[in-house]
Amino acid sequence: MTTATTAQTPRPGSQTTTGAAYETLRERGFLYQCSDEAGLAEALAHGPVTYYVGFDPTAPSLHIGHLLPVMAMAHLQRAGHRPIALVGGGTTMVGDPTGRTSARPILTRDEIEANATHIRGQLSHFLDLSPGNGFLVDNAEWLLPLNYIAFLRDYGRHFSVNEMLRADAYKARLETGLSFLEFNYMLLQAYDFLEAFRRHGCTLQLGGSDQWSNILAGADLIRRVEARPAFALTTPLLLTQSGEKMGKTAGGERVWLDRAQTSPYAYYQFWVNCDDADVERLLRFFTYLPLDEIRDLVATTGEGLREAKRRLAFEATTLLHGQADAEAARDAARALFGGADGGQASLDVLAHAESIPTVPLDASQLQAGLGILDALLLAGLADSKGAARRLVEGGGAAVNEARAELATVLGPNDLHNGVIIVRAGKKRYVRLAIGG
């Protein structure tokens, strides 16, 4: 096993041939762990290779943490290799213990299928899964009919409990409690890889680095059962330069791919507000811009680097939501923050900027008087009254661009063109609108 924790100096690459795929992944920073780098590079050079990533539908949307392996999949497909997007309708019924301090909530089959339907649509934004170009599969197809005794006899014998307990996913849970249900997860994910190999000739599984033990177990199972080589590859987890998980807004909201949960405008703003130190890496991960162009974009400071962030935000939003939504988000951001004096936008601009997240407000709430703390909670600009209070006391809250105080109460007279503009910090706007 080889592990690359630091990206090497990139060299210009091509995405026009299967053989360029390995270099593309390496140059753009997607390679973190690989079971056999030389063997995988050779296989990709003589491709096409069929590869898969699994997504358990534990929520109705993927988030940008999931997007990193999806972009790796997209680069491989652009180089001529065949993707399998595996939705874990079966494994979700067990629950992946990786990165958890407690067991995941048990979902019903209807909830799992509803989530899976949304996720399939999101994956289609990045991958061509039409017949002949890729595969969209659900592991419920082969996991739910399994005969448990036969499965343990045929495949469980290839797994060492001692080795499984050394895996980070299990080791971290031993102190807080690991159910036998969750203990089966590694076997099932390994079996997924074996089924993908048998059904579609899949020889490569990708995933986040927290999935390393599970992915490696699948490659090893193919070697033991089919006597054929298979490859495990992980991408780095999406972390900031300070080592914290990336994927939440300044207000602590997770950044989802579903537009109903994270609007195109909020999605654009997440990227444009990234840390200066992260810009180049995020451009490599979440855009298709050539590496030379990326280097030129970030070889600057001040306004030049801010322009690089705007390019990142536009390209990333276009990939997910399309060019029209990306342009609307960019135009709204320009209207709000693009003045020559760097000042705040006028109330008229704010009231008509439809890309700003809008939260419905009942007229009766205004008639009764809506306190500023409740308004911030309603707008999603604070996740508790304590956080809202600190925001107001620190001078970071505004109503219709006037600084809010703890005694501020919103009423009908605060409506401007039918909305009230609530702001947290310098750039987080929400419109409270009667009737939504």
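The values are calculated or read from the model by the stated rules, or taken from the named source; none is laboratory data. No experiment lies behind these values; they were computed from the predicted model shown. Here the Cβ positions follow ideal geometry from the backbone for every residue, glycine too, while neighbour counts run over all protein chains shown.
Determine whether the range 344-352 contains at least one residue that is in a helix (DSSP H, G or I), of a type in the set (Gly, Ala, Ser) and modelled with pLDDT of 85 or more.
Within the range 344-352 (the criterion being in a helix (DSSP H, G or I), of a type in the set (Gly, Ala, Ser) and modelled with pLDDT of 85 or more), the answer is no, since none of the residues qualifies.
Give ARG254, ARG295, ARG284 a once-over and let me know the one that is basic (Lys, Arg) and under 21 Å from ALA424 (Cα atoms).
Going through ARG254, ARG295, ARG284 in turn, just one is basic (Lys, Arg) and under 21 Å from ALA424 (Cα atoms): ARG254.
Do we have ARG259 as basic (Lys, Arg), closer than 16 Å to HIS66 by Cα, surrounded by fewer than 21 Cβ atoms within 10 Å (Cβ to Cβ) and touching a strand residue (DSSP E or B) at 6+ places or on another chain (Cβ under 9 Å) here?
So ARG259 does not fit the description; no.
Looking at ALA230, is it outside the structural domain of LEU320 (by TED's automatic domain parsing) and either of a type in the set (S, T, N, Q) or more than 25 Å from the chain's Cα centre (by Cα) (or both)?
Yes, satisfied.
Being modelled with pLDDT of 70 or more and either in contact with a strand residue (DSSP E or B) (Cβ under 7 Å, 6 or more places away or on another chain) or assigned to a loop (DSSP other than H, G, I, E, B) (or both) is the filter here, so list the residues in the range 177-188 that pass it.
Correct list: ASN184 only.
Out of (1) in contact with a helix residue (DSSP H, G or I) (Cβ under 6 Å, 6 or more places away or on another chain); (2) closer than 23 Å to GLY380 by Cβ, what's the single condition that is false for LEU283?
(2)
Residue-by-condition table, conditions (1) in the same structural domain as LEU361 (by TED's automatic domain parsing); (2) part of a strand (DSSP E or B); (3) within 21 Å of GLY435 (Cα to Cα); (4) without any contact (Cβ under 8 Å) to a residue 12 or more places away in the chain:
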| residue | (1), (2), (3), (4) |
| --- | --- |
| LEU373 | yes, no, yes, no |
| ALA382 | yes, no, no, no |
| ARG389 | yes, no, no, no |
| VAL392 | yes, no, no, no |
| GLY395 | yes, no, no, yes |
| ASN413 | yes, no, yes, yes |
| ILE420 | yes, yes, yes, no |
| ARG423 | yes, yes, yes, no |
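Please find, among LEU305, LEU291, LEU237, the residue that is touching a strand residue (DSSP E or B) at 6+ places or on another chain (Cβ under 6 Å) and surrounded by fewer than 18 Cβ atoms within 10 Å (Cβ to Cβ).
LEU237
Would it be correct to say that LEU238 is touching a helix residue (DSSP H, G or I) at 6+ places or on another chain (Cβ under 9 Å) and more than 16 Å from ILE64 (Cβ to Cβ)?
It is false that LEU238 is touching a helix residue (DSSP H, G or I) at 6+ places or on another chain (Cβ under 9 Å) and more than 16 Å from ILE64 (Cβ to Cβ).
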